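Let me begin by presenting the structure, written as structure tokens, before commenting on it.
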Amino acid sequence: MKIDELYQKVIEGLPTKELHPLHKAIMEECCENALNNSQKISDLDTLVDVVHLAFLTCNTTLKGTLLGSLEAVNADQVTLNYRDQTFIISRNSPLLD
């Protein structure tokens, strides 16, 4: 299975079909990591569950890090460079809800 195939399977089950570009990049990385697992797990349902869990963990960590950064320097926005993409996230971004 390829990364884009797993990604498509993962997003098929999501309640929303529109992902923020940052969420898409994180989800793609979670798919890469799931497919490269050292346990050699290949069951599709298990891989989808692994990606969901990894994404939720990463997203929670990301929110905390971004909010902490904004508060630490009393900034209105933060610039994040992730996977060759640049994201400018404002203090009131829905990503931080």
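Of ALA25, ALA34, which residue is among the hydrophobic types (A, V, I, L, M, F, W, C), surrounded by 12 or more Cβ atoms within 10 Å (Cβ to Cβ) and in contact with a Lys or Arg (Cβ under 7 Å, 6 or more places away or on another chain)? Before you say what the answer is, go through the steps one by one.
On the way: ALA34 fails: in contact with a Lys or Arg (Cβ under 7 Å, 6 or more places away or on another chain).
Residue meeting the stated conditions: ALA25.
So CYS58 passes all but one of these: (1) exposed (fewer than 11 other Cβ atoms within 10 Å of the Cβ); (2) under 26 Å from GLU12 (Cα atoms). Which condition number does it fail?
Only one criterion in (1) exposed (fewer than 11 other Cβ atoms within 10 Å of the Cβ); (2) under 26 Å from GLU12 (Cα atoms) is unmet by CYS58, namely (1).
Given the conditions (1) of a type in the set (S, T, N, Q); (2) under 25 Å from PHE87 (Cβ atoms); (3) touching a residue at least 24 places away in the same chain (Cβ under 8 Å), report the number of the one that SER42 does not fulfil.
Single failed check for SER42: (2).
Between a residue in the stretch 1-29 that is farther than 17 Å from LEU66 by Cβ and any residue that is at pLDDT below 90 and surrounded by fewer than 13 Cβ atoms within 10 Å (Cβ to Cβ), which pairs come within a Cβ distance under 9 Å, given they are 6 or more apart or on different chains?
ILE11/LYS17
Evaluate the following for SER90: is it without any contact (Cβ under 8 Å) to a residue 24 or more places away in the chain, in contact with an Asp or Glu (Cβ under 7 Å, 6 or more places away or on another chain) and not charged (D, E, K, R)?
Numbers: without any contact (Cβ under 8 Å) to a residue 24 or more places away in the chain: yes; in contact with an Asp or Glu (Cβ under 7 Å, 6 or more places away or on another chain): yes; not charged (D, E, K, R): yes.
Considered against the rule, which asks whether it is without any contact (Cβ under 8 Å) to a residue 24 or more places away in the chain, in contact with an Asp or Glu (Cβ under 7 Å, 6 or more places away or on another chain) and not charged (D, E, K, R), SER90 comes out as yes.
If I filter the stretch 46-55 for residues that are more than 25 Å from LYS2 (Cα to Cα) and surrounded by 10 or more Cβ atoms within 10 Å (Cβ to Cβ), do I get at least one hit?
The first filter runs over the stretch 46-55 and keeps only residues more than 25 Å from LYS2 (Cα to Cα), leaving none.
No, the conditions are met nowhere in the stretch 46-55.
Find the residue count for the stretch 62-82, including only residues that are surrounded by 11 or more Cβ atoms within 10 Å (Cβ to Cβ) and not small (Gly, Ala, Ser).
The number of residues fulfilling the criteria is 10.
The values are calculated or read from the model by the stated rules, or taken from the named source; none is laboratory data. It should be emphasised that the depicted structure is a prediction, and the values quoted were computed from it without experimental measurement. Because the Cβ atoms are built from the backbone with ideal geometry, glycine has one as well, and the counts that use them run over all protein chains shown.
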